[in-house]
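Contents: one structure, followed by commentary.
Laboratory data are not the source of any read-out in this text; all were calculated from the coordinates shown. Since we're looking at a predicted model, the values are computed, not measured. For neighbour counting, all protein chains shown are included, and Cβ atoms are generated from backbone atoms with ideal geometry for every residue, glycine included.
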Amino acid sequence: MKAMSFLPVVVIALIFSFCTGTEAKKETAPISDKGFAVVELFTSEGCSSCPPADEAMIKLAKEFPEHVYFLGYHVDYWDYIGWKDQFDNPAFTKRQDRYAEIFRLESIYTPQAIINGESELVGSKESQMRALIQEKLKQTSSVGIELDVRRTDAEKLIVSYVAPASPNSSINIALVQSRASTTVKRGENNGKLLNHINIVRDFRSISIDKNGKGTAELVLPAGLGVKDLKLIAFIQNERDMKIIGAAEAAIQ
């Protein structure tokens, strides 16, 4: 597969202080020309093949603490076996369907990992994922994203973004839960304790207009504090699904 070409701008990582009704304070990290990898894992607590993939993602996240963005999408098509995944979302199944079209797959499956929208593989193949991540990190430049977050009330966040205007591109903004553990009581994983990281709890995909600016509203999950959550944003070509830039923001 051909290596991805990048626009000659730098990644801007931002950290925000948490506030209500006032603009969050921005801090810009030092400029870096290092490459990046967005790892999207499609998984389910109802799938017996998925726990090794979740554990692989946990391990790789420790190995690659910078410039690698892990996202866990819990799909809903395993719920019928007897255990309903508490994190599932039919929108994530639709997202996986779109990738199946791009990669010309006959069907979707779990666990599946997609890296930078370019490569797909079985999510439990840890060594292959590691090699692909290392390959992406060898790239020398990527696209900058600026983010700003406000809390409008106890249930919502408003995220403002600035991104390079690019034809047929979208900015995807994911609100992720940093970690969780579930004891499964039915189905294929009955009796197992499953560990997850970076669980996508809310997700917005917005076409970037010529101004490169806009906002997105995300819903805060009930029962979680901001210390349990963070934002991951990435720019993706709407036609071929290749990802050309990413950034992460803590919520404090």
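In the structure displayed, which of LYS138/LYS242; LYS34/LYS138; LYS125/LYS192 lie more than 19 Å apart, Cα to Cα?
From LYS138/LYS242; LYS34/LYS138; LYS125/LYS192, over 19 Å: LYS125/LYS192.
Amide H of ASP76 versus every other amide H placed in the peptide plane: which residues, excluding those fewer than 5 positions away on the same chain, fall under 5 Å?
Counting only residues 5 or more places away or on other chains, the set is ASN89, THR93.
How would LEU194, LEU137, LEU41 line up from fewest to most surrounding beta-carbon atoms within 10 angstrom?
Final ranking by Cβ density, sparse to dense: LEU137, LEU194, LEU41.
What ³J(HN,Hα) values, in whole Hz, does the Karplus curve 6.51 cos²θ - 1.76 cosθ + 1.60 give for the stretch 210-223 when θ = phi - 60°, with x put for Gly and Pro?
In residue order, the calculated couplings are 5, 7, x, 10, x, 9, 9, 9, 10, 9, 6, x, 5, x Hz.
Express in % the proportion of alpha carbon pairs of the stretch 130-252 at distances exceeding 18 Å.
Value for the stretch 130-252 (Cα pairs over 18 Å): 59 percent.
Report the antiparallel proportion of the DSSP beta bridges in the chain as a percent, rounded to a multiple of 5.
85
Within 9 Å, Cβ to Cβ, of VAL219, how many net charges do the neighbouring residues add up to if Lys/Arg are +1 and Asp/Glu are -1?
That sum, taken over residues with Cβ under 9 Å, equals -1.
Choose one answer from ILE81, ILE173, ILE232: the residue with the largest mean-square fluctuation in a GNM of the chain with alpha-carbon springs under 10 Å.
Fluctuation is largest for ILE81.
Which shape class applies to the chain: rounded if a/c is under 1.5, otherwise prolate when a/b exceeds b/c and oblate if not, where a ≥ b ≥ c are the square roots of the Cα gyration tensor eigenvalues?
In terms of gyration-tensor shape, oblate.
Per DSSP H run of n ≥ 4, the term is -39500 (n - 2.57); total these for the chain, divide by its residue number, and report the mean residue ellipticity at 222 nm rounded to 500 deg cm²/dmol.
The per-residue figure over the chain is -4500 deg cm²/dmol.
Rank the residues LYS84, LYS230 as a footprinting-exposure proxy: fewest other Cβ atoms within 10 Å of their Cβ go first.
Neighbour counts put them in this order, fewest first: LYS84, LYS230.
Measure out, as a whole number of angstrom, how far apart the alpha-carbon centroids of the stretch 49-64 and the stretch 94-124 sit.
When both Cα centres are located, 17 Å separates them.
In what order do VAL143, VAL75, VAL162 fall by count of nearby beta-carbon atoms within 10 Å, going from fewest to most?
By the 10 Å Cβ count, ascending, the order reads VAL162, VAL143, VAL75.
Tell me which residues come under 5 Å, amide H to amide H, from ILE251 once H is placed; ignore anything under 5 positions away on its chain.
LEU231
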